[in-house]
Structure formats: structure tokens, C-alpha cells
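Down below is the structure, laid out as C-alpha cells.
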Amino acid sequence: MEAIITGRAFVLGNDIDTDQIIPAAHLVYKLDDPDEKKNYGKYAFSGVPIEQSGLPQGNIPFIREGNWQSEYTIVIGGKNFGCGSSREHAPFALQVAGIRAVIAESYARIFYRNSIDGAFIAPFETTHALVKEVRTGDDLELDTTKGILKNRTQGKEYQLSPLGDVEHILRSGGIFEYARQSGMLKR
Amino acid sequence: MTITEKILAQHSGRTSVSPGDNVWIDVDVLMTHDVCGPGTFGIFKREFGQDAKVWDKEKLVVIPDHYIFTKDMHANRNIQILRDFAKEQDLPHYFDVGTDRYKGVCHVAMPEEGFTRPGEVLFGTDSHTCTAGAFGEFATGIGNTDAAFVLGTGKLWVKVPETMKFIFDGEMPKYLMAKDLILAVIGRIGVDGATYRAMDFCGTTVDAMTMEDRMTLCNMVIEAGGKNGICAPDKTTTDYVRARTNKQFECFYNDDDAKYHSVHRFNVREIEPTVAKPHSPDNKAAVSEVAGTRLDRAYIGSCTGGKISDFIAAAEVMYGEKVKIDTFIVPATTEVAKQIRTLKVKDKTVMQIFEEAGCRIGDSSCAACLGGPSDTFGRLNNAEVCISSTNRNFPGRMGSKKSQVYLASPYTVAASALRGVITSPREFFE
């Protein structure tokens, strides 16, 4: 996890489930094949109903036709982000598409855990209803060490909730590196 | 302590734990399937080496069940990856496609094969692994990375959850099923109402339930965000488990002074046949409120609503009648498929009743519950409106984003299939 993450915002609503993040029909591609895994980026958020894709206006595709990487870097979500299945393909697909962090009001626990233990993306929580304030395309700067989000387009700043117990796993680079650094696993 | 706290304390080598504690626990069983097994095995080899062996092959269960009867070449390749890994690791508990050992839906096959036992810790690479909490064990879903960690070490860290208690009292009305109860719970607390928590189901109604009914309750705790579901084991539990395994197990019970996040009481006589409307499992309505809604399709199957008791229930309603809409029947496992052909309602087998009603019957697998490849049996490929005994109705869950899914009990699905519109099963029992 980088100390500073900058880039454009992609805004979604409440209860973004894993079928919307990566529809089940696409869970068949190899995750460790450099070419094949691009499909996960290509189809990331392809299950989101288009009118709810890229709020507040909607109808904004996360991935442009023919691409597998997104022009957006930080996802802003509402409550219960990542609910549904245990598919690790969900945070993985976002990482492949170029997402570095998600900032949501709350998470479903398996998505949150997968994001941390695989160190795919940084899942920050916030008490601010950012979905109502940040607009898709806004220029953001996230300081992951201080947990401060700056909206450079709107000139606003928000203090996010601390990552808490899981921060050391995320900063280690995932559960395997964490276990090696703490002596549980041999190097 | 609660049952969940006691199991986690024992498996972390402690005398006690409290909610919020992060503990490393020993894993009794790890389950994976064709969607997440290949990724899990890939990470296992990346981290532990190409020649690494799993921590304990007796404790690993591999059940292909998601994308089985499809021409999708990537899906077929995933089955081959499972097959190769099972051979390389000499796995005793691999249930291969195309053989007599093939089972179908993992969460129903696990109990059938004696892999769900009181007091144990079960992790699975599937969110509905929580189904096994019905047996008085700690069971929850994890991702590929965590599963790969377990494969190499037999351990995983967990945060001890608080427990929410759900007390159901009263005799179940004839027209009601466990599915109605869990839809009522999710409708009351919401799709994030139990996030990070254990959901304990108890009361005289639960005491009188079969294992399959308890599995239906625990199966859908994930739809309320729950970490695990749990039912205290009793004679029903131990009779079921002992008939299927010789392995020793230990039963845990809630202490009288156990602390709960909250307690929720239900009188089941007051619960109506219930649906979850599109597109969320907490979008609750009484069947009577949406009766008459036009349907294109009915679907009975999955880990939630594809057990033998679910099909017997549907057959009771469909006996001697014909369906008005396309009705898909998918027995969760090959064992359920066998029972459909032998068990009877009145003078006819369940299978005969479905065939005479004009249902379409598919092979055992997860099938259209989660959409899957485009040639999946029962998949909603267009803007169909479907009533289903499955567990999720998110946008596009069963296929097309244009489709709409109502979740309901097998009684309600069967009654609605006969009328072609959403119909209360009460009129079939009164």
C-alpha cells in the first residue's frame, strides 16, 4: 500500500455485491496468467446497473469499451460494500483494473478480509456520506498513513476511520508476508 | 461464553476468548470447489513451493459443483485443475465430475458425507459455508488467499464475533418453512444487520426442526452479513452426524451467563409466507402483499432450497396439478436426485409428480442460482421474472441484469408455478 494514492474517483451506491463487482460468468479465467487475468479488469463492475454506474449522474462505464484498465483509481462506496459471495476475484478484479483504494461507509466482512489478506486494495471506512459529496471524475488524494482524503476538485478534506488491527497485515503486503515477518512462516 | 466463543477458544488453545479478540485457530476441515479451488491451489504453490504438500489431506474436501454441465472451456479447464491437484496430492476426499463419486452442491454434500460435525472449525471458499453452523460448528466462508494459507499451515486468524440470538417459539404452521423464517429475519435486520457477528438460532421451533430446516436458517446468515450461523447441537444433530461418520466430536452449548449483542424473538404463528422482492434479500414482503405478480419462471434448487425436504414440500403442493410457467428443478446433490426417484408423496414418487406437472429437471449442481456460463440450465438470459428457492436476488445474480428474482420457500415457489403468478401456499393447505 502506497503512502499517497492519487487519482480520479468512481462513485457507487449502497450494497454493491460481488456479482456486480465481477459477475459469476467471468470467474473462470486464470488469476495468475498475465494475459488471461486482464479479463478480470475488463469485466470489473460490469454487473452494476448502468444507471447506477458512476454517481451522481450514472451511465458512466467503469471500463471503456475494449480496455481492461480503468481511468479511475479510487472507488467511493456506500454501506455494505462487497456483500455476497466469498470470491476473491472481486478485490482482485478491482486491482487488475487499476483501483488502489476503496472508501466506503461499511464493508461486508469477506470482501474486506480478502482485500486485506491478499493486499489487493486498501479498504478504508468513513463515517462521512461521501457518496453524496464526491462526484465521479473528481481528483482525489488519499494519505494512507494519516487516513486523510483530499478532494482536490472540490477543495474538501475528510478524516477517514483508522484501519485498526489489520493495518499491519496490509502494510506487510498480505497474510503470507505478515506471517513471515512475525516468524509464523519460514522465509 | 457462547457456542461460537467456546469453539474458537478451544481451537486457539485458550480457556476463554471475548468478542473482538484476534486469534489464530486450528482448522478441522477446509472445503473448496471448482470456482475457487484453482486460484487457491495456485497461491498455495506460489507461497509454499511447486512440490509442497497440503497440511493434512484427510482434512481437505474438494467438491466441484458450480460450473459442471457447460461447454465453457475455461470452466471445464478448472475442473481439470482440481483433478490434477487431487491426483498429485493423493486426496482422499475429491468428488470428481463424471464418476460415481460426483456429488453436486458442496454445502449439501458436506453433511451427507459426514464432514460437518459439532464443535469443529470448517472454512470453505464459498460464502454459504455458513450452512454447516446448523451442526453446532464454527463454519464460514473465506477467499483463495486465506484458503491457500490454511492449505499450507492448517491455521487462520479470525476475529471473535459477537453473537446475536434469534429465538423462534411456537409450532410451525403447515404452510410455513424455515426459508420464510430466515427471510423474515433478514427483512427485519437488513442485509448488513449481522455484519461481523454470529447468528444463534434457538427456541422451541428450532428444537423441533430437522437438520435440513436448520441448514436453511444458517445458509442465509451471510445474506444478513453474518460471519457464521449456529444451532446448539441436540439429539437430532448427533443422530444425523453419527449415521454418517465415526469421527469423534464435542458438543458445545451457550452458558447461561453468555453475553449477546442482541436478542430477537419471533412467534412463528405470526410469520406469513414471505418473499424477498428484487433486488435484495432484505426487500421483504408477505406473499399476500405481492400475490398476483406475473411470473415467467420458477426455480427450485441450490444449497438453500434444493435439499430433499425442499422437493418433497414442492411435490406436496404440485401433486396432480400442472405448472403454468417454465419450472426448473435442480436437486442439489446426486443423493437428492436419487431420493427424488424413490421417495413418494401419497402414491407417486416426487419425480413422477414433477414430470406430470410439466417441470424441467436438471443435473445436480449450483446451476442457475448464480447465473454461471450462458448455457447453464435454468439461467435467466433475458428480462424474465423468476420466483426461486435460492438465496440471492442481487441485480444479475441468476443471469441477465434485466431479470428480476423473488426469493421464496419451496412451498411458495411451487404454488406460484401452478398459477403463473405469485401465490400463497396457504390456499393449498386450508
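The values are calculated or read from the model by the stated rules, or taken from the named source; none is laboratory data. These figures come from a predicted structure and were not determined experimentally. Cβ sites come from the backbone with ideal geometry, for glycine too, and all protein chains shown count toward neighbours.
Considered as a group, the residues in segment A:165-184 that are more than 10 Å from chain B (Cβ to nearest Cβ) and of a type outside the set (D, E, K, R) include one that is farthest from A:Thr126 (Cα to Cα), and that residue is A:Gly183. Scan segment B:181-190 and give yes if some residue there is more than 10 Å from chain A (Cβ to nearest Cβ) and part of a strand (DSSP E or B), otherwise no. Looking for residues that are more than 10 Å from chain A (Cβ to nearest Cβ) and part of a strand (DSSP E or B), one finds none in segment B:181-190, hence no.
Does any residue of segment A:129-137 turn out to be touching a helix residue (DSSP H, G or I) at 6+ places or on another chain (Cβ under 9 Å), among the hydrophobic types (A, V, I, L, M, F, W, C) and more than 9 Å from chain B (Cβ to nearest Cβ)? Spell out the reasoning first.
Step one: list which residues in segment A:129-137 are touching a helix residue (DSSP H, G or I) at 6+ places or on another chain (Cβ under 9 Å), which gives none.
Checked against the condition, which is being touching a helix residue (DSSP H, G or I) at 6+ places or on another chain (Cβ under 9 Å), among the hydrophobic types (A, V, I, L, M, F, W, C) and more than 9 Å from chain B (Cβ to nearest Cβ), segment A:129-137 yields no hits at all.
Go through segment B:385-409 and give me each residue that's part of a strand (DSSP E or B), within 12 Å of chain A (Cβ to nearest Cβ) and of a type in the set (A, V, I, L, M). Correct list: B:Val405 only. Going by the conditions given, is B:His128 assigned to a helix (DSSP H, G or I) and either at the interface with another protein chain (Cβ under 9 Å from one of its Cβ atoms) or in contact (Cβ under 8 Å) with a residue 60 or more places away in the chain (or both)? So B:His128 fits the description; yes.
Yes/no per residue for (1) within 20 Å of B:Thr129 (Cβ to Cβ); (2) outside the structural domain of B:Met215 (by TED's automatic domain parsing); (3) of a type in the set (Gly, Ala, Ser); (4) buried (at least 20 other Cβ atoms within 10 Å of the Cβ):
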| site | (1), (2), (3), (4) |
| --- | --- |
| B:Val17 | no, no, no, yes |
| B:Gly37 | yes, no, yes, yes |
| B:Arg77 | no, no, no, no |
| B:Lys87 | no, no, no, no |
| B:Asp96 | no, no, no, no |
| B:Arg101 | no, no, no, no |
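Please state which one of B:Ser364, B:Ser389, B:Ser400, B:Ser374 is farther than 27 Å from B:Val185 by Cα, touching a Pro at 6+ places or on another chain (Cβ under 6 Å) and assigned by TED's automatic domain parsing to the domain that holds B:Ile308. Give the derivation first.
Details: B:Ser389 fails: farther than 27 Å from B:Val185 by Cα; B:Ser400 fails: touching a Pro at 6+ places or on another chain (Cβ under 6 Å); B:Ser374 fails: touching a Pro at 6+ places or on another chain (Cβ under 6 Å).
The conditions single out B:Ser364.
In summary, B:Arg101 fulfils each of the numbered conditions (1) under 28 Å from A:Ala90 (Cα atoms); (2) not in a helix (DSSP H, G or I) with the single exception of condition (1).
Please find, among B:Ile63, B:Ile81, B:Ile7, B:Ile43, the residue that is modelled with pLDDT of 95 or more, closer than 25 Å to A:Ala25 by Cα and away from every other protein chain (no Cβ under 12 Å). Break it down stepwise before answering.
Values: B:Ile81 fails: away from every other protein chain (no Cβ under 12 Å); B:Ile7 fails: closer than 25 Å to A:Ala25 by Cα; B:Ile43 fails: away from every other protein chain (no Cβ under 12 Å).
Only one candidate qualifies: B:Ile63.
The residues of segment A:10-56 that are assigned to a helix (DSSP H, G or I), more than 8 Å from every other protein chain (Cβ to nearest Cβ) and polar (S, T, N, Q), listed by number, are A:Thr18, A:Asn39, A:Gln52.
Do we have any residue at all in segment A:111-121 that's over 20 Å from A:Gly98 (Cα atoms) and out of contact with any Lys or Arg (no Cβ under 6 Å at 6 or more places or on another chain)? Please lay out each step first, then the result.
Within segment A:111-121, the first condition is being over 20 Å from A:Gly98 (Cα atoms), and the residues that meet it are none.
No, segment A:111-121 has no match at all.
Evaluation of B:Asp26 against the conditions (1) within 11 Å of chain A (Cβ to nearest Cβ); (2) in contact (Cβ under 8 Å) with a residue 40 or more places away in the chain shows that the sole unmet condition is (1).
When A:Arg171, A:Arg135 are screened for being within 22 Å of B:Thr153 (Cα to Cα) and either at pLDDT 95 or above or not in a loop (DSSP other than H, G, I, E, B) (or both), only A:Arg171 passes.
Take A:Ser85 and tell me if it is among the polar types (S, T, N, Q) and either surrounded by 19 or more Cβ atoms within 10 Å (Cβ to Cβ) or within 14 Å of chain B (Cβ to nearest Cβ) (or both).
Details: among the polar types (S, T, N, Q): yes; either surrounded by 19 or more Cβ atoms within 10 Å (Cβ to Cβ) or within 14 Å of chain B (Cβ to nearest Cβ) (or both): yes.
So A:Ser85 fits the description; yes.
Residues that are touching a Leu at 6+ places or on another chain (Cβ under 9 Å) and within 14 Å of another protein chain (Cβ to nearest Cβ) were ranked within segment A:65-82; the one that is surrounded by the fewest Cβ atoms within 10 Å (Cβ to Cβ) is A:Gly78. Taken as a whole, the structure places B:Thr70 among residues that are among the hydroxyl-bearing types (Ser, Thr, Tyr), assigned by TED's automatic domain parsing to the domain that holds B:Glu212 and in contact with a helix residue (DSSP H, G or I) (Cβ under 9 Å, 6 or more places away or on another chain). Considering B:Asp239, B:Asp213, the condition of being assigned to a helix (DSSP H, G or I), assigned by TED's automatic domain parsing to the domain that holds B:Phe135 and touching a residue at least 60 places away in the same chain (Cβ under 8 Å) is satisfied by B:Asp213 alone. The set of residues in segment B:410-430 that are assigned to a loop (DSSP other than H, G, I, E, B) and among the charged types (D, E, K, R) contains only B:Glu430.
If the condition is being surrounded by fewer than 18 Cβ atoms within 10 Å (Cβ to Cβ) and of a type outside the set (Gly, Ala, Ser), then segment B:20-35 contributes B:Asp21, B:Asn22, B:Val23, B:Trp24, B:Asp26. Criterion applied to A:Phe120, A:Phe62, A:Phe124 was being away from every other protein chain (no Cβ under 11 Å) and part of a loop (DSSP other than H, G, I, E, B), and the one residue passing it is A:Phe62.
Scanning segment A:12-71 for residues that are touching an Asp or Glu at 6+ places or on another chain (Cβ under 7 Å) and in contact (Cβ under 8 Å) with a residue 12 or more places away in the chain returns a single hit, A:Gly47. Looking at the structure I just gave you, is B:Thr116 of a type in the set (S, T, N, Q), buried (at least 24 other Cβ atoms within 10 Å of the Cβ) and in a loop (DSSP other than H, G, I, E, B)? Yes, satisfied. When residues in segment B:369-394 are screened for being farther than 20 Å from B:Gly104 by Cα and surrounded by fewer than 22 Cβ atoms within 10 Å (Cβ to Cβ), 5 of them pass. Could you say whether any residue in segment B:160-176 is hydroxyl-bearing (Ser, Thr, Tyr), outside any loop (DSSP other than H, G, I, E, B) and away from chain A (no Cβ under 14 Å)? Within segment B:160-176 (the criterion being hydroxyl-bearing (Ser, Thr, Tyr), outside any loop (DSSP other than H, G, I, E, B) and away from chain A (no Cβ under 14 Å)), the answer is yes, since at least one residue qualifies.
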